[in-house]
Amino acid sequence: MKPVVTRFPPSPTGFLHIGGARTALFNWLYARKTRGKFVLRIEDTDVDRSTRESVDAILDALAWLGIDWDEGPYFQTERKEIHNRYIDKLVASGHAYYCSCTPEEIDAMREQARAKGLKPMYNGKCRERGLSKAPGTVVRLKTPDSGVTVVNDIVKGDTAFQNAEMDDFIIRRSDGSPMYNLAVVVDDLTMGINTIIRGDDHLINTPKQILIYQALGADLPVFGHVPMVLGPDKARLSKRHGAMSVSEYRDMGYLPDAVINYLVRLGWSHGDQEFFTRRDLIEKFDLEHLGRSAGMFDLSKMTALNAKHIQAKTPAELGPLFLPHLQHLGIDAPDDVFTHQVIETLQPRSKTLKDMARAARFYYVDEPEMDEKAAAKFLTPEMADMLNQAADAIESLSDYTQPALETVFKKIMADFNLGFGKIAQPLRVAITGTTVSPGIFEMLLILGKEKTVQRIRRAAGRM
Ligand code: GLU
């Protein structure tokens, strides 16, 4: 068996969007699973719309997702000579020919076909004329007049296209530039691609591509056309459904592993398993379970999955992904033990890393911002004595540990005749400025004695 070679050929006319990322993933996973090869090719022949910024944005997003490539990035515009060599071969072997028909002539042919109730198309006028290259000529592929071209699709099954409805399409423009389908086939062929998974919006190109493979006497790759990702309203996913670009999800605090997990599940299944680590996916991914029906993008599901992935990681793994979000809040923290402890206390309660950064703020700032509602409710004058006593007792501790803090709080509960909840909430507001936070003990221990005492005193002072 030849090794599997897959590819991802984005057009650099914008960022890497969710649908493209999913296609890249399917191809990448299959290559990794089979220990084959994954090739990256930039299809930049639309020079008006292709930009270097888009190339960079796509490479950057792929790197963030952890999708690495074994070859490339190749640039289609740099391969024009190779494409043209194959076109010349097709002309030499009689599978393609020069055509000198003018746009007006072509329009007339289309009109004639329409008048006969047929599909408007080129009528093959130059097929047997044996024209040579001359200014203004295009090259057309000789396509069969009858029969069918069948796409054997591993996702959709067989789809037959009537050859009579396909004209001798152009493979080289009069300016000498190769047409899209020709370039794709020559690239796939010369790069040894034998497995092509792509969106079913490309299915209409596939019969043309198959005819080019056949004309070149080449073996066909395996094709799999996956349904487009839909929005919750069942329309094709688009900007109006929310963020479309992978990097926006990075900025919103999603983990690459969660995005990968969610996107793969939007078109592939493994029983009813929902949560997959990257390793799991590589191990279990297969082409047999690519879905025939379109997946619906549901942000709340991806968010729930993100929370699970946050919990499944170690604080040290999360550190480098978390710090940029802190930085965004103006906090420059190192990836150290303190930060790992902070992360550990917030992992069970964070849906995104952005949430986590917001919730972590109080650990890093000198004076946490006070939620005035929380302060009005819990930092009441009656609590001032309790807080002052807590501050004094904590300050005098020689060993600052959980058992020591427990002893302090037990005494306060007895002295003031209050339950733990009644003293914990004012303390929490004093320490964090809010009513929602990690557990009191873990939080106080990470923050350290000095800061703890300082914050409690400051809160008592406000009353
Ligand atoms: N460049 C095409 C796109 O970005 C992909 C073509 C293909 O997969 O064959 O949609």
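For the stretch 361-387, the set of residues classified as buried (at least 16 other Cβ atoms within 10 Å of the Cβ) and over 48 Å from the mean Cα position of the chain (by Cα) consists of 383, 384, 386, 387, listed by residue number.
Across the stretch 42-56, the number of residues qualifying as closer than 24 Å to residue 249 by Cα and buried (at least 19 other Cβ atoms within 10 Å of the Cβ) comes to 3. For residues that are β-branched (Val, Ile, Thr) and either buried (at least 22 other Cβ atoms within 10 Å of the Cβ) or more than 9 Å from the ligand (Cβ to nearest atom) (or both), scanning just the stretch 2-22, find the one that is nearest to the chain's Cα centre (by Cα). Here the residue is 18.
Residue 261 meets each of the listed conditions (1) crowded, with 17+ Cβ neighbours inside 10 Å; (2) within 16 Å of the ligand (Cβ to nearest atom); (3) among the polar types (S, T, N, Q) apart from (2). Residue 188 meets each of the listed conditions (1) of a type in the set (D, E, K, R); (2) crowded, with 18+ Cβ neighbours inside 10 Å; (3) closer than 30 Å to residue 242 by Cβ apart from (3). The residues of the stretch 405-452 that are within 12 Å of residue 387 (Cα to Cα) and among the aliphatic types (A, V, I, L, M), listed by number, are 408, 412, 413, 423, 424, 427, 429, 430, 431. Of all the criteria given as (1) within 23 Å of residue 279 (Cβ to Cβ); (2) within 14 Å of the ligand (Cβ to nearest atom), the one not satisfied by residue 35 is (2).
Scanning the stretch 268-296 for residues that are surrounded by 21 or more Cβ atoms within 10 Å (Cβ to Cβ) and at pLDDT below 95 yields a single hit, 295. Taking the stretch 38-50 as the range and being among the hydrophobic types (A, V, I, L, M, F, W, C) and either touching a residue at least 40 places away in the same chain (Cβ under 8 Å) or more than 10 Å from the ligand (Cβ to nearest atom) (or both) as the test, the residues that pass are 38, 39, 40, 47. The criterion of being surrounded by 18 or more Cβ atoms within 10 Å (Cβ to Cβ), without any contact (Cβ under 8 Å) to a residue 60 or more places away in the chain and in contact with a strand residue (DSSP E or B) (Cβ under 9 Å, 6 or more places away or on another chain) does not hold for residue 149.
Return yes or no: is residue 130 within 16 Å of the ligand (Cβ to nearest atom), surrounded by fewer than 16 Cβ atoms within 10 Å (Cβ to Cβ), outside any strand (DSSP E or B) and not charged (D, E, K, R)? Against the criterion (within 16 Å of the ligand (Cβ to nearest atom), surrounded by fewer than 16 Cβ atoms within 10 Å (Cβ to Cβ), outside any strand (DSSP E or B) and not charged (D, E, K, R)), residue 130 does not qualify.
Scanning the stretch 191-202 for residues that are within 9 Å of the ligand (Cβ to nearest atom) and either outside any helix (DSSP H, G or I) or surrounded by 20 or more Cβ atoms within 10 Å (Cβ to Cβ) (or both) turns up 196, 197, 198, 199. Taking residue 205 as the residue in question, decide whether it is modelled with pLDDT of 95 or more and within 14 Å of the ligand (Cβ to nearest atom). Spelling it out, residue 205 is indeed modelled with pLDDT of 95 or more and within 14 Å of the ligand (Cβ to nearest atom). Filtering the stretch 29-80 to residues that are on the phi > 0 side of the Ramachandran plot and part of a loop (DSSP other than H, G, I, E, B) leaves 35, 66. When 74, 86 are checked against the criterion of being within 15 Å of the ligand (Cβ to nearest atom), of a type in the set (Ser, Thr, Tyr) and out of contact with any Ser or Thr (no Cβ under 7 Å at 6 or more places or on another chain), 74 stands alone in meeting it.
Is it the case that some residue within the stretch 56-64 is among the aliphatic types (A, V, I, L, M) and touching a residue at least 60 places away in the same chain (Cβ under 8 Å)? Scanning the stretch 56-64 turns up at least one residue that is among the aliphatic types (A, V, I, L, M) and touching a residue at least 60 places away in the same chain (Cβ under 8 Å). Being touching a His at 6+ places or on another chain (Cβ under 9 Å) and surrounded by fewer than 16 Cβ atoms within 10 Å (Cβ to Cβ) is the requirement here; does residue 80 meet it? Judged against the criteria, residue 80 is not a match. Within the stretch 161-218, the set of residues being within 18 Å of residue 20 (Cβ to Cβ) and not β-branched (Val, Ile, Thr) comprises 180, 187, 188, 198, 199, 200, 201, 202, 203, 205. Checked against the criterion of being within 13 Å of the ligand (Cβ to nearest atom), surrounded by 15 or more Cβ atoms within 10 Å (Cβ to Cβ) and within 26 Å of the chain's Cα centre (by Cα), the stretch 162-180 has at least one qualifying residue. Considering only residues that are touching a residue at least 40 places away in the same chain (Cβ under 8 Å) and part of a helix (DSSP H, G or I), which ones fall in the stretch 291-303? Passing the criteria: 299, 302, 303. Of the listed requirements (1) over 23 Å from residue 108 (Cβ atoms); (2) of a type outside the set (Phe, Trp, Tyr); (3) more than 28 Å from the chain's Cα centre (by Cα), residue 197 misses just one: (3). State all residues of the stretch 149-190 that are touching a helix residue (DSSP H, G or I) at 6+ places or on another chain (Cβ under 6 Å) and part of a strand (DSSP E or B); if no residue qualifies, say none. 149, 151, 161, 171, 172, 178 - these are the residues of the stretch 149-190 that are touching a helix residue (DSSP H, G or I) at 6+ places or on another chain (Cβ under 6 Å) and part of a strand (DSSP E or B). Of all the listed residues (253, 271, 224, 217), the sole one being within 16 Å of the ligand (Cβ to nearest atom) and not in a helix (DSSP H, G or I) is 224.
The values are calculated or read from the model by the stated rules, or taken from the named source; none is laboratory data. This is a predicted model, so every value here is computed, not measured. When we count neighbours, we look across all protein chains shown, and the Cβ atoms used for this are built from the backbone with ideal geometry, even at glycine.
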